[in-house]
Amino acid sequence: MKRIDAHGLKIAPVLFDFIANEATPKTGISADAFWSGLAAILRDLGPRNRELLAMRDSLQMKIDAWHRANKGKPFDMNAYTAFLKEIGYLLPEPATQKVETADVDEEIGKICGPQLVVPLTNARYALNAANARWGSLYDAFYGTDAIPHESGESGRGYNKARGDKVIAKAKAFLDSAVALASGSHTDVISYSVIAGQLAAKLKSGNATALKSSAQFAGYQGDPSAPSAILLVNNGMHIEIKIDRGHMIGKDDPAGVADMILESAVSTILDMEDSVAAVDAEDKVLVYRNTLGLMNGTLSADFEKGGKIVKRALNPDRVYRTANGKEITLHGRSLLLMRNVGHHMFTDAVLDSTGAEIPEGILDAAVTGLLAIHDLKGSAKTRNSRTGSIYIVKPKMHGPDEVALTCDVFGRVEKMLSLPNNRPDDPQERHEVPTLDQGLRRLERRCRLDRRPPRPRSNWQGHVGRARQDGRHAGAKDQPSAGRRHYRLGTLPDRGYIARAALSSSQRSGAAAGTGEGRPARQAVRYPHHSGVTIELGAR
């Protein structure tokens, strides 16, 4: 392969052409400026990347040697802890730092909900995940074993017996999540909006309303006979779809054809764990799909039922509120991009010595470039409404590796002329950085510790956009002006490690859980041999 030389870098033609012809147009960044900036970052930070990996190897060799020397002996926690401190694996605990967050989307700072992870090599899968923000409860109940399948319920076409079970369970869900002041949603024969409130007429002839009027969020259509009712529970929306001409709605007393739930409020676009991008062509496929998601042009055709179906990004959802104003809800998951870890290298670009470059640095630079298409707001579909770029950075070992990522992101922001106010650039007029780092998984030598809240404060905790110096991390709590304190360091005691999120890579809910589809009102803990304990959760 004949490579293209640019600023001392030797670039695979397929990647060079992608940057020049697809990625940089309409960003205000020239292809030459991109390669010049990347070359400078690699020159300054590439050696640090390699040094930190050498430190990993050195620590691992010493730990392996210790275990070989102590094989068969009773385990002595004090001796082992002293050894880990001696070799620099366990570090002194840093002081608590206050960190504020700003300009983060609600999916990061306020909404607790499931999160998906999807391989970026498959456009259709990526679109499905992005569109999973809203999903049919009827379809979910009908097609899965959430309601056990019985004999006679299989076969092609709609099975009414199973459908009746689905509808009954869905109505029971409504009764538990958005209860009526009296009666059951099962007994409703019509919904309407009267004087800014949801009214329901029951089979008995009586009229009722919601037990909590605050749960009525909006509607579509004529208020006297709406085509959709929008409800809210715990910050997540429920749409009752009404269509008396629909196959299901025609037999429902209230004309309910479906219930659409707000589901996966964020999605990690995976460039790492679930994909195998082994060469420049693979990397360009990943980047091209990312570009299509950022500028709203990605689509995928596939065959279904003998017909060709086109999948594209869903539009936003528009309703009218109780006071007659228009409300627009985001129609797609908030997208976070998972770059590769520090340990990965790629031959898509070679440095001036002919060596492969750290793939994570290439990912950071290209991810930032592609996200500019979203930040400019020219597409019909927007990802971030606050001007943020969300990057998930996995598999970091220790505060020095976190600090390297912060420095890489800061340099990429400068290179792409993105808002930046990191510690090494205090004169910028912008208040917060644009590239937001999240630790996909807190590794062996990282610790996140939340200090107890002050008494009687009205906090809804979240892990949001955080500024980090490689040692400390945290987030501003909402809705009060209070602060919760977080520390990123090391912990010597034995325990568990949570697969958690930090900073604006993930919403508070995902941070409290695994980050992969678990709701999060409590921390999820996993056994881990390093003896780290991490607990995160919304209050």
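The values are calculated or read from the model by the stated rules, or taken from the named source; none is laboratory data. Here the structure is a predicted model, which means the values were calculated and not measured. With ideal geometry, Cβ positions are generated from the backbone for all residues, glycine too; neighbour counts draw on all protein chains shown. Surface areas here come from the heavy atoms of the whole protein model, side chains and all, with no ligands, DNA or RNA. Shrake-Rupley method; radii C 1.70, N 1.55, O 1.52, S 1.80 Å.
Being at pLDDT 95 or above, at positive phi and touching a helix residue (DSSP H, G or I) at 6+ places or on another chain (Cβ under 9 Å) narrows it down to one residue among 360, 296; which is it?
So the residue among 360, 296 that is at pLDDT 95 or above, at positive phi and touching a helix residue (DSSP H, G or I) at 6+ places or on another chain (Cβ under 9 Å) is 296.
Exactly one of (1) over 17 Å from the mean Cα position of the chain (by Cα); (2) over 24 Å from residue 20 (Cα atoms) is unmet by residue 409. Its number?
Residue 409 satisfies all of (1) over 17 Å from the mean Cα position of the chain (by Cα); (2) over 24 Å from residue 20 (Cα atoms) except (2).
How many of the residues making up segment 136-155 are surrounded by fewer than 16 Cβ atoms within 10 Å (Cβ to Cβ) and not β-branched (Val, Ile, Thr)?
Selection size over segment 136-155: 12.
Please find, within segment 226-274, the residue that is farthest from the chain's Cα centre (by Cα) out of those that are of a type in the set (Val, Ile, Thr) and closer than 30 Å to residue 289 by Cβ.
Once the filter is applied, the top-ranked residue is 260.
Hey, can you tell me all the residues within segment 96-133 that are open to solvent by 30 Å² or more (accessible area, probe 1.4 Å) and hydroxyl-bearing (Ser, Thr, Tyr)?
96, 121, 125
Is it the case, given these coordinates, that residue 158 is hydroxyl-bearing (Ser, Thr, Tyr), open to solvent by 20 Å² or more (accessible area, probe 1.4 Å) and within 24 Å of residue 317 (Cα to Cα)?
Taking the combined requirement at face value, the residue does not satisfy it.
Please enumerate the residues belonging to segment 185-199 that are open to solvent by less than 80 Å² (accessible area, probe 1.4 Å) and aliphatic (A, V, I, L, M).
Within segment 185-199, 188, 189, 193, 198, 199 meet the criteria.
Restricting attention to strands (runs of 3 or more DSSP E) lying wholly within segment 244-362, give those where 1 or more residues are among the polar types (S, T, N, Q) and open to solvent by 10 Å² or more (accessible area, probe 1.4 Å).
299-304, 326-329
Would a scan of segment 385-396 turn up a residue that is open to solvent by 40 Å² or more (accessible area, probe 1.4 Å), at pLDDT below 95 and either in contact with a Ser or Thr (Cβ under 9 Å, 6 or more places away or on another chain) or part of a helix (DSSP H, G or I) (or both)?
Looking for residues that are open to solvent by 40 Å² or more (accessible area, probe 1.4 Å), at pLDDT below 95 and either in contact with a Ser or Thr (Cβ under 9 Å, 6 or more places away or on another chain) or part of a helix (DSSP H, G or I) (or both), one finds none in segment 385-396, hence no.
Looking at segment 366-383, which of the residues that are among the hydroxyl-bearing types (Ser, Thr, Tyr) and either over 19 Å from the mean Cα position of the chain (by Cα) or not in a loop (DSSP other than H, G, I, E, B) (or both) is modelled with the highest pLDDT?
Result: 367.
Scan segment 200-224 for residues that are assigned to a strand (DSSP E or B), open to solvent by 70 Å² or more (accessible area, probe 1.4 Å) and touching a strand residue (DSSP E or B) at 6+ places or on another chain (Cβ under 7 Å) and jot them down.
Residues satisfying the conditions are 201, 207.
Condition first: free of Cβ contacts under 8 Å to residues at least 60 places away in the same chain, within 34 Å of the chain's Cα centre (by Cα) and part of a loop (DSSP other than H, G, I, E, B). Now tell me which residues in segment 135-182 satisfy that.
Those that are free of Cβ contacts under 8 Å to residues at least 60 places away in the same chain, within 34 Å of the chain's Cα centre (by Cα) and part of a loop (DSSP other than H, G, I, E, B): 144, 145, 146, 147, 148, 149, 179.
Since residue 208 meets every condition but one in (1) polar (S, T, N, Q); (2) more than 23 Å from residue 133 (Cβ to Cβ); (3) touching a residue at least 40 places away in the same chain (Cβ under 8 Å), which condition does it not meet?
Going through the list (1) polar (S, T, N, Q); (2) more than 23 Å from residue 133 (Cβ to Cβ); (3) touching a residue at least 40 places away in the same chain (Cβ under 8 Å), residue 208 breaks only (3).
Given (1) more than 30 Å from residue 295 (Cα to Cα); (2) assigned to a loop (DSSP other than H, G, I, E, B); (3) of a type in the set (Ser, Thr, Tyr), identify the lone condition not met by residue 101.
Only one criterion is unmet by residue 101, namely (1).
Taking the condition of being touching a residue at least 40 places away in the same chain (Cβ under 8 Å), closer than 18 Å to residue 350 by Cα and among the hydrophobic types (A, V, I, L, M, F, W, C), how many residues in segment 262-293 meet it?
3
I need the full set of residues from segment 347-388 which are more than 30 Å from residue 106 (Cβ to Cβ) and not acidic (Asp, Glu), in order please.
Within segment 347-388, 348, 349, 350, 352, 353, 354, 355, 357, 358, 361, 362 meet the criteria.
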